[in-house]
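The structure appears below as structure tokens.
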Amino acid sequence: MLNRGPPFPCDVFKVAGQCGIRILNPDQHYAMESRGRVCFAPRTLKRIGRAHGEDHLRLVLRLIVESEGNAQALQGEVIAAVSNVVLSGLVEIRADLLDNLDLEQLRVWAHAVRPKFCSSSHAMTVALLWRFASPEKILAVDELEPEPAVAPRHALAISPLAGRGRRLTGGGGG
């Protein structure tokens, strides 16, 4: 998922303009806070555009601003989280994907509940993936069934002498 090659050329102002978004300096945030289709995160846009290309950035921005009620949710955390969901490949990307979701409310939630070593954008990514790509949608039904608590009767009996001379260690496999 990471771009290992040279960065993509990306004119974030052109891409944002194609999506009907104005990019302003972060210091103008409070003066324009209530207006939709205004973004104060040019560094986030540039980072995503250079890593994944203009087409990816355009898709992410359109998913946000063209969904119902989310035209004002153009903060860096929201943009990064939606980008991560698109890049995951676990979600079917459709125009109405974010229609029934308040991204600004989700951002506020992510700030409140994020663990100490997790960014708000990562917390939002996990919440979005859980919503759109929950285990029921990803795994086959038989993979979701819990393991039986007791081994079946036909399981081989383990000899008490099996493994003699081996040292048992805790931790991961070898």
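The values are calculated or read from the model by the stated rules, or taken from the named source; none is laboratory data. Keep in mind that this is a model prediction, so the values were computed, not measured. Backbone-built Cβ (ideal geometry, glycine too); neighbour counts: all protein chains shown.
Would you mention how many residues in segment 68-94 are assigned to a loop (DSSP other than H, G, I, E, B) and either closer than 23 Å to Ala51 by Cα or in contact with a strand residue (DSSP E or B) (Cβ under 6 Å, 6 or more places away or on another chain) (or both)?
Number satisfying all stated conditions: 9.
Of all residues being surrounded by fewer than 22 Cβ atoms within 10 Å (Cβ to Cβ) and among the small types (Gly, Ala, Ser) in segment 47-70, which is farthest from the chain's Cα centre (by Cα)? Just the residue, please.
Gly69
Is it true that Ala73 is modelled with pLDDT under 95, under 16 Å from the mean Cα position of the chain (by Cα) and among the small types (Gly, Ala, Ser)?
So Ala73 fits the description; yes.
Can you list residue pairs whose Cβ atoms sit under 6 Å apart, with the first residue in segment 10-24 being assigned to a helix (DSSP H, G or I) and the second being of a type in the set (Asp, Glu)? Count only pairs 6 or more apart in sequence or on different chains.
Within 6 Å, the pairs are Val15/Glu54.
For segment 19-36, what are the residues that are loosely packed, with under 14 Cβ neighbours inside 10 Å and modelled with pLDDT of 90 or more?
Listed by number, the list holds a single entry, Gly20.
Can you confirm whether segment 37-46 contains a residue that is modelled with pLDDT under 90, surrounded by fewer than 14 Cβ atoms within 10 Å (Cβ to Cβ), not β-branched (Val, Ile, Thr) and not in a loop (DSSP other than H, G, I, E, B)?
Within segment 37-46 (the criterion being modelled with pLDDT under 90, surrounded by fewer than 14 Cβ atoms within 10 Å (Cβ to Cβ), not β-branched (Val, Ile, Thr) and not in a loop (DSSP other than H, G, I, E, B)), the answer is no, since none of the residues qualifies.
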